[in-house]
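**Q** A single structure is presented below for examination.
The values are calculated or read from the model by the stated rules, or taken from the named source; none is laboratory data. Please read these numbers as outputs of a predicted model, since none were measured by experiment. Glycine gets a Cβ as well: all are built from the backbone with ideal geometry, and neighbour counts include every protein chain shown.
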Amino acid sequence: MLTTLATLAGLALAQQTDTTVPVRAGARLEVNNFGGEIAVKTWSKTAVRVTASHSSRDRIIVDASEQVVRVKSESRRGPSQVVDYEITVPAAMALALSGVYTDITVDGSQGEITAETVQGTVKVSGGVGNVSLKSVQGDVTLEKARGRIDLSSVNETIKASEISGDISAETVNGDISLVQVESSNAEATTVNGDVLYDGTIKDGGRYRFSTHDGDLRVSVPEKSNVSVSVSTFDGDFSACFPVQLVGLKTKHRFTLTIGSGSARLELESFNGDIRLCRPGQLAKDKDWRAKNKDWDKNKDHDQDHDQDQEEE
Amino acid sequence: MDAEAADVALAQSGDGRAFERLYRTHVPRIHGLVRRMISTGEPEDVTQDVFVRAWEKLHTFRGEAAFGTWLHRLAVNVILAKRKTLGGERRRFGEDSGEMLERVAGREREPEHGIDFEEALRRLPDGARQVFILHDVQGYRHEEIAKLLGVVPGTSKSQLHHARMALRRNLER
Amino acid sequence: MSDRWTDRLSEYLDGELGAADVAALEAHLPSCADCQATLEQLRRVVARAQALDDRPPTTDLWPAIARHVGVVSLDARRARRRLSFTVPQLAAAAVALTLLSAGSAWLLLRRPAGAPPSQSTTTPSPILTNVGTYEANPRYAAAVADLERVLAQGRSRLDTATVRVIEKNLGIIDRAIRDAQSALAADPANSYLNLHLAQEMRRKLELLRQAAALAGART
């Protein structure tokens, strides 16, 4: 008897909705899902297909007007239960996806994307124009996007690859990795984590990478023109290639000029090391801390020796 | 170098009297913007915060645009940052405000007929009011408004249209 | 009384419709009195918007602003000697540090007397930051206290996992702030440390704002 009831209860929770609505070019998708998944894929039809798994107490509302397709769930009694959405949209459709206990994935988008969650990951492949991805407790991952990119997490990592455009990444307790990036304007900042930037340094560009407790590893392509300013309290600086420190230098702060110095690169790490390498070398450069460092002969080395003793 | 540019340069080097002159020139417009954009909190406090922040950020003004333009943008940022601490951000553009707007725009015979334009503006839902102010009063474009308010430009356009439709009936006063 | 063009009239008015749509709408207008009337009403709303008048606040806010900004309490002589540098240039010069007297804890970095003003090609920025005793700054402390209060009130609306994450990260930022402060105590003229401390304090405020918004927005 009990098993029968349990089975019936199980059946009651697993309901499927499948709706397709036509859309006009220029319309956008808005999905709000308190808990569950939002997975967006693309196709070449001018229509939006919403499939969802949810409890029988909830019904899915797809409200389509000329400008926006809104998807959300409504419960007959009490708050909505968990809903897992799988939505297929035209590639150019702009996406506004939000939730609290929600994992968000997007694949193949060629439109603007805003995705926000609190307890959940955001994983996007694609995006053109304004792309803004946020989580509090969850990784944020982006690839193959171009435009103005804004990535933010609090307690987890940010990873971006194959990006072109302006990029800004911020987290508190996590690493930031920006690879295969083509940008004139990139900023990554964390408190407790490492920053890796393997991308272009373009003439006239502005780049800023900062951490409090972590390492910075930044690629500088050959024939770059960049003024590099390095600030650290208790960290070391090193480079995979010969560098010339110019101007006044203190233990904590110095500049170096590469080529004409056209671009500006600001590197700040309070308590961690800063290393410059060529593109593609950084990923292989895992044990760099143990290697010999290339120092400008005039640099004060006292700090290095203390640092070496502390290293594992 | 005109008088205002001179005052900006002086203020940037720490001259408080120059900054006061800038304040006096710009406070009417800034205060008007603040009064209309916010729905909770005290406009005078917010206006004060705008100018304090302008002082703090003065060194970032590079003279590429007019000082008033820079100050306006800063004011919009201060106003929008405040709404985040006062809560309700997620609901501004949600289902609720959409329904409310459609009801307001659709009504034919309504006591609101008799209220004046500014009061009707005040009664709009936050999102629609802010888009209307930023676009039709302040002259921002939809792309800029979208970035400021954290929405896609399409939302900005539809909210603007809804606001305008709702305000049609209160033009006479 | 709305047809398929009603919702697009604002776009038309703002010149945002594509050429094909413009042609179609303009072909439709002569036969649609409602559309014409609505369009005219929308035009008038926009015109009315541009005619809004602006009045200054009823109370004079300047005294309060001046207090916050520390302008009133500054010695006029010191104010005139403050000069604009980019941070790297400050590091390159010998810096003298003056902590202004009680009331406002502004950190003032100035060039030694005699050296010419910088004619920097990069944008000069006055270094007037109250970071030395940022937490003693009443505005910062008040902002933090406000947000902590909002967070405390709304905390029951956040689940324990989110609260834990936020508290953990506030702790991480606090530790970074303490690191920077103690480094600064030994080296108060260090411009990187000053800016770094300011950055971490802003970050704390930002995280508190984010948390307060989450606590407030959740239903």
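**Q** Please determine whether any residue of segment C:174-186 is closer than 30 Å to A:GLY99 by Cα, at pLDDT 80 or above and not assigned by TED's automatic domain parsing to the domain that holds C:ILE65. Spell out how you get there, then give the answer.
**A** Of segment C:174-186, the ones closer than 30 Å to A:GLY99 by Cα are C:174.
Remaining after also requiring at pLDDT 80 or above: C:174.
Keeping just the survivors that are not assigned by TED's automatic domain parsing to the domain that holds C:ILE65 gives C:174.
The answer is yes; a qualifying residue exists.
**Q** Does A:VAL83 satisfy being within 14 Å of chain B (Cβ to nearest Cβ), under 23 Å from A:ILE61 (Cα atoms) and modelled with pLDDT under 95?
**A** Numbers: within 14 Å of chain B (Cβ to nearest Cβ): no; under 23 Å from A:ILE61 (Cα atoms): yes; modelled with pLDDT under 95: yes.
Taking the combined requirement at face value, the residue does not satisfy it.
**Q** Could you identify the single residue in A:ALA64, A:ALA52 that is among the aliphatic types (A, V, I, L, M) and within 14 Å of another protein chain (Cβ to nearest Cβ)? Reasoning before the result, please.
**A** Values: A:ALA52 fails: within 14 Å of another protein chain (Cβ to nearest Cβ).
Matching residue, one of A:ALA64, A:ALA52: A:ALA64.
**Q** Starting from segment C:24-41, take each residue that is within 14 Å of chain B (Cβ to nearest Cβ) and surrounded by fewer than 15 Cβ atoms within 10 Å (Cβ to Cβ) and list its partners that are assigned to a helix (DSSP H, G or I) and among the β-branched types (Val, Ile, Thr), counting only C-beta distances under 8 angstrom and pairs at least six apart or across chains.
**A** Pairs that qualify, where the first residue is within 14 Å of chain B (Cβ to nearest Cβ) and surrounded by fewer than 15 Cβ atoms within 10 Å (Cβ to Cβ) and the partner is assigned to a helix (DSSP H, G or I) and among the β-branched types (Val, Ile, Thr), are C:ASP34/C:THR6.
**Q** Still on this structure: For segment C:141-155, indicate whether the set of residues that are assigned to a helix (DSSP H, G or I), more than 30 Å from A:GLN119 (Cβ to Cβ), away from chain A (no Cβ under 13 Å) and of a type outside the set (Asp, Glu) is non-empty. So that I can check it myself, show each step before the final result.
**A** If we filter segment C:141-155 for residues that are assigned to a helix (DSSP H, G or I), which is where we start, we get C:141-155.
Going one step further and asking which of them are more than 30 Å from A:GLN119 (Cβ to Cβ), we end up with C:141-142.
Among the residues that remain, those that are also away from chain A (no Cβ under 13 Å) are: C:141-142.
Add one more test, that the residue is of a type outside the set (Asp, Glu), and what stays is C:141-142.
Within segment C:141-155, one or more residues are assigned to a helix (DSSP H, G or I), more than 30 Å from A:GLN119 (Cβ to Cβ), away from chain A (no Cβ under 13 Å) and of a type outside the set (Asp, Glu).
**Q** Would a scan of segment A:107-120 turn up a residue that is among the acidic types (Asp, Glu), touching a residue at least 24 places away in the same chain (Cβ under 8 Å) and in a strand (DSSP E or B)? Even if it seems obvious, please write down each step before you answer.
**A** Here is the first cut: in segment A:107-120, the residues among the acidic types (Asp, Glu) are A:107, A:112, A:116.
Those still in the list that are touching a residue at least 24 places away in the same chain (Cβ under 8 Å) too: A:107, A:112.
From what is left, the residues that are in a strand (DSSP E or B) are A:107.
Checked against the condition, which is being among the acidic types (Asp, Glu), touching a residue at least 24 places away in the same chain (Cβ under 8 Å) and in a strand (DSSP E or B), segment A:107-120 yields at least one hit.
**Q** Of the conditions (1) within 15 Å of A:PHE34 (Cβ to Cβ); (2) charged (D, E, K, R); (3) surrounded by fewer than 21 Cβ atoms within 10 Å (Cβ to Cβ), A:GLU116 fails just one. Which one is it?
**A** The single condition A:GLU116 does not satisfy is (3).
**Q** Residues of segment A:68-85 being assigned to a strand (DSSP E or B) and surrounded by fewer than 18 Cβ atoms within 10 Å (Cβ to Cβ), which ones? I'd like the intermediate steps shown before the answer.
**A** Of segment A:68-85, the ones assigned to a strand (DSSP E or B) are A:68-75, A:83-85.
Of everything in segment A:68-85, those that are assigned to a strand (DSSP E or B) and surrounded by fewer than 18 Cβ atoms within 10 Å (Cβ to Cβ) turn out to be A:GLU74, A:SER75, A:ASP84.
**Q** Taking the criterion of being within 25 Å of B:SER156 (Cα to Cα), touching a Phe, Trp or Tyr at 6+ places or on another chain (Cβ under 7 Å) and at pLDDT 90 or above, would at least one residue in segment A:46-61 satisfy it?
**A** Initially, segment A:46-61 is screened for residues within 25 Å of B:SER156 (Cα to Cα), giving A:46-50, A:61.
Then drop every residue that is not touching a Phe, Trp or Tyr at 6+ places or on another chain (Cβ under 7 Å), which leaves A:50.
So of that shortlist, the ones also at pLDDT 90 or above come out as A:50.
Yes, that holds for at least one residue.
**Q** May I pose another question? Yes or no: segment B:30-44 includes at least one residue that is within 12 Å of chain C (Cβ to nearest Cβ), in contact (Cβ under 8 Å) with a residue 12 or more places away in the chain, in a helix (DSSP H, G or I) and among the hydroxyl-bearing types (Ser, Thr, Tyr).
**A** no
**Q** Which condition number in (1) in contact with a helix residue (DSSP H, G or I) (Cβ under 6 Å, 6 or more places away or on another chain); (2) closer than 30 Å to C:LEU170 by Cβ is the one that A:GLN67 fails?
**A** Result: A:GLN67 passes all but (2).
**Q** Would you list the helices (runs of 4 or more DSSP H) that sit entirely within segment B:79-160 and hold 2 or more residues that are modelled with pLDDT under 50? Please lay out each step first, then the result.
**A** Values: elements: B:95-106, B:117-123, B:126-132, B:142-149.
In segment B:79-160, the matching helices (runs of 4 or more DSSP H) lie at B:95-106.
**Q** For segment A:121-135, which positions are surrounded by fewer than 24 Cβ atoms within 10 Å (Cβ to Cβ), in contact with a Ser or Thr (Cβ under 7 Å, 6 or more places away or on another chain) and under 23 Å from C:ALA213 (Cβ atoms)?
**A** Across segment A:121-135, the qualifying residues are A:THR121, A:SER132, A:LYS134.
**Q** For segment C:162-189, which positions are touching a residue at least 40 places away in the same chain (Cβ under 8 Å) and at the interface with chain A (Cβ under 7 Å from one of its Cβ atoms)?
**A** Of everything in segment C:162-189, just one residue is touching a residue at least 40 places away in the same chain (Cβ under 8 Å) and at the interface with chain A (Cβ under 7 Å from one of its Cβ atoms), namely C:THR162.
**Q** Between a residue in segment B:50-73 that is farther than 20 Å from B:VAL34 by Cβ and free of Cβ contacts under 8 Å to residues at least 12 places away in the same chain and any residue that is of a type in the set (Lys, Arg) and surrounded by fewer than 17 Cβ atoms within 10 Å (Cβ to Cβ), which pairs come within a Cβ distance under 9 Å, given they are 6 or more apart or on different chains?
**A** Filtered contacts from segment B:50-73: B:ALA65/B:ARG73.
**Q** When you check B:ARG62 against the structure, is it loosely packed, with under 15 Cβ neighbours inside 10 Å and in a helix (DSSP H, G or I), yes or no?
**A** Criteria not met by B:ARG62.
**Q** Which one is nearest to the other protein chains (Cβ to nearest Cβ), of the residues in segment A:18-44 that are within 17 Å of A:ALA94 (Cβ to Cβ) and of a type in the set (D, E, K, R)?
**A** Ranking the candidates gives A:ARG28 first.
Residue-wise test of (1) farther than 22 Å from A:GLY120 by Cα; (2) in contact with an Asp or Glu (Cβ under 8 Å, 6 or more places away or on another chain); (3) among the aromatic types (Phe, Trp, Tyr); (4) part of a helix (DSSP H, G or I).
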site: C:GLU167; (1), (2), (3), (4): no, no, no, yes
site: C:ARG178; (1), (2), (3), (4): yes, no, no, yes
site: C:GLN181; (1), (2), (3), (4): yes, no, no, yes
site: C:LEU184; (1), (2), (3), (4): yes, no, no, yes
site: C:LEU197; (1), (2), (3), (4): yes, no, no, yes
site: C:LEU208; (1), (2), (3), (4): no, yes, no, yes
site: C:ALA212; (1), (2), (3), (4): no, no, no, yes
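**Q** Right, A:THR88: outside any loop (DSSP other than H, G, I, E, B), touching a residue at least 12 places away in the same chain (Cβ under 8 Å) and under 23 Å from B:PRO153 (Cα atoms) or not? Lay out the reasoning, then the answer.
**A** Working: outside any loop (DSSP other than H, G, I, E, B): yes; touching a residue at least 12 places away in the same chain (Cβ under 8 Å): yes; under 23 Å from B:PRO153 (Cα atoms): yes.
It is true that A:THR88 is outside any loop (DSSP other than H, G, I, E, B), touching a residue at least 12 places away in the same chain (Cβ under 8 Å) and under 23 Å from B:PRO153 (Cα atoms).
Results for (1) among the polar types (S, T, N, Q); (2) over 20 Å from B:ILE79 (Cα atoms), shown as yes or no for each residue.
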position	(1), (2)
B:PRO125	no, no
B:LEU134	no, no
B:ARG141	no, no
B:LEU148	no, no
B:PRO153	no, no
B:SER158	yes, yes
B:ARG164	no, yes
B:LEU167	no, yes
B:ASN170	yes, yes
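**Q** Further, regarding this structure: Do we find that B:TRP70 is outside any loop (DSSP other than H, G, I, E, B) and more than 17 Å from B:TYR140 (Cα to Cα) in this structure? Even if it seems obvious, please write down each step before you answer.
**A** Working: outside any loop (DSSP other than H, G, I, E, B): yes; more than 17 Å from B:TYR140 (Cα to Cα): no.
The answer is no for B:TRP70.
**Q** Would you be able to tell me the number of residues in segment A:217-234 that are in a strand (DSSP E or B) and at pLDDT 90 or above? Even if it seems obvious, please write down each step before you answer.
**A** So the first thing to find is which residues in segment A:217-234 are in a strand (DSSP E or B), and the list is A:217-219, A:226-232.
Then drop every residue that is not at pLDDT 90 or above, which leaves A:217-219, A:226-231.
Of the residues in that region, 9 qualify.
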